[in-house]
1. Run down 419, 367 and say which single residue is closer than 21 Å to residue 22 by Cβ, assigned by TED's automatic domain parsing to the domain that holds residue 466 and surrounded by 22 or more Cβ atoms within 10 Å (Cβ to Cβ).
2. Which of the residues that make up the stretch 322-333 are surrounded by fewer than 17 Cβ atoms within 10 Å (Cβ to Cβ) and not in a strand (DSSP E or B)?
3. Among the candidates 230, 201, single out the residue that is in a loop (DSSP other than H, G, I, E, B), closer than 30 Å to residue 417 by Cβ and under 20 Å from the mean Cα position of the chain (by Cα).
4. Need at least 2 residues that are assigned by TED's automatic domain parsing to the domain that holds residue 77 and within 16 Å of residue 188 (Cα to Cα) per element, so show me which strands (runs of 3 or more DSSP E) inside the stretch 97-150 make the cut, counting only ones lying wholly within it.
5. Please work out which one of (1) surrounded by 17 or more Cβ atoms within 10 Å (Cβ to Cβ); (2) at pLDDT below 95 is the condition residue 66 fails and give its number.
6. What number of residues within the stretch 299-317 are surrounded by 17 or more Cβ atoms within 10 Å (Cβ to Cβ) and over 21 Å from the mean Cα position of the chain (by Cα)?
7. With the requirement that a residue be assigned to a strand (DSSP E or B) and buried (at least 21 other Cβ atoms within 10 Å of the Cβ), what does the stretch 74-88 give you?
8. Just to be sure before I move on: is residue 218 touching a residue at least 60 places away in the same chain (Cβ under 8 Å) and surrounded by fewer than 21 Cβ atoms within 10 Å (Cβ to Cβ) in the structure I sent?
């Protein structure tokens, strides 16, 4: 169950709750009647744009993925419903693209290249039906009526909010424009300060205008959300989107790193907001029920015959490499080691957890269970024949020879930044600890870049297929 995290002392985050644990950055949310839909940045993981569904903001279920194969890293999307159709606007490879569908579950069409630069697109439709797309740096362009192309030139219309010079931030970085139209005003809600770096880097600011072209007046309540102290539970709060619920109450979703757990990436949080008599919004201490939504279980017995919602490839989309048997998954290997092998990954939603899987490497192949950030930053336990190896950041730390066995299982226990690895040769009745703890606490963006997270991965290398069964995950 998702627990309501304790309320931190900063006034700006009274009532803050964890909405989706694990690496779910750049949340984009819409209400469609009685339904809520949300998606996040997939970056280099494929398939991309996992769409979540809820009817009460507390119970979230994975619904579908909108884009199987991606064209490079996909950053902050904007999920939109306009004129009866669904859209996802997103940046990739130096341009911005759009997907569209008549149903939220697809099929999704596109991507269509809009041929404009910038990142973090934000869509709005004015009262007269004209559509606009905003991007980082305070820029905007008009869209065609169908939302699938641009009209005219990109114009710079907003310079951001100037925060105090002595604040510790990563960069000014005006980005993540999210638009709301209410009572004749356009509200432009943006992120500033950089998305990582110091604890106090990121923030949410807002401005308003009577016209989509400006001029924009900054809110007297800026920053709306901001980490004010490194002792806070959540660091680098930012990238906010506001929306109303079915009862007419207003909320903001945004992302943040949990203190001391940058490896988990940026997690999705929610906080209630209120409208002031002078037409601005701010965080409120409105009483609301705790967010205790149930977290979907990423465990997999591999009986479904298709790729489950929890699984992602690393920098490729290779469903042809997967072969389902009777309660097992065979994966075609590639590469020669943990730096270039084939990976299937799942998100890690807990600070302390345990993952297990049965492994049978193919002839001459290597298979394993890995905590994977990227090619240079990972730790895991691998098997080749009867040899077990511990790998760390691409290097083999130790090797061990197993006795004859009928079935082998691997286990990684993640405990507050350390990884304990073990193997079982008697159907998980007993476990032999191979390493009592590798420090993986530094395997995150502030050291290795890429804005992603340390995830659990199945690894298959070599030319042969390797078999995996009974993948289990549990919080400790």
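The values are calculated or read from the model by the stated rules, or taken from the named source; none is laboratory data. All values derive from a computational prediction rather than experimental measurement. Glycine gets a Cβ as well: all are built from the backbone with ideal geometry, and neighbour counts include every protein chain shown.
1. Numbers: 367 fails: closer than 21 Å to residue 22 by Cβ.
Unique residue meeting the criteria: 419.
2. Quick first cut of the stretch 322-333, residues surrounded by fewer than 17 Cβ atoms within 10 Å (Cβ to Cβ) only: 323-328.
Selection gives 325, 326, 327, 328.
3. Of 230, 201, the one residue that is in a loop (DSSP other than H, G, I, E, B), closer than 30 Å to residue 417 by Cβ and under 20 Å from the mean Cα position of the chain (by Cα) is 201.
4. Details: elements: 109-113, 122-125, 131-135, 139-143.
Correct list: 122-125, 131-135, 139-143.
5. (2)
6. Final tally of qualifying residues: 1.
7. Of the stretch 74-88, the ones assigned to a strand (DSSP E or B) are 74, 78-82, 85-88.
The answer is 74, 78, 79, 80, 86, 87, 88.
8. Numbers: touching a residue at least 60 places away in the same chain (Cβ under 8 Å): no; surrounded by fewer than 21 Cβ atoms within 10 Å (Cβ to Cβ): yes.
Taking the combined requirement at face value, the residue does not satisfy it.
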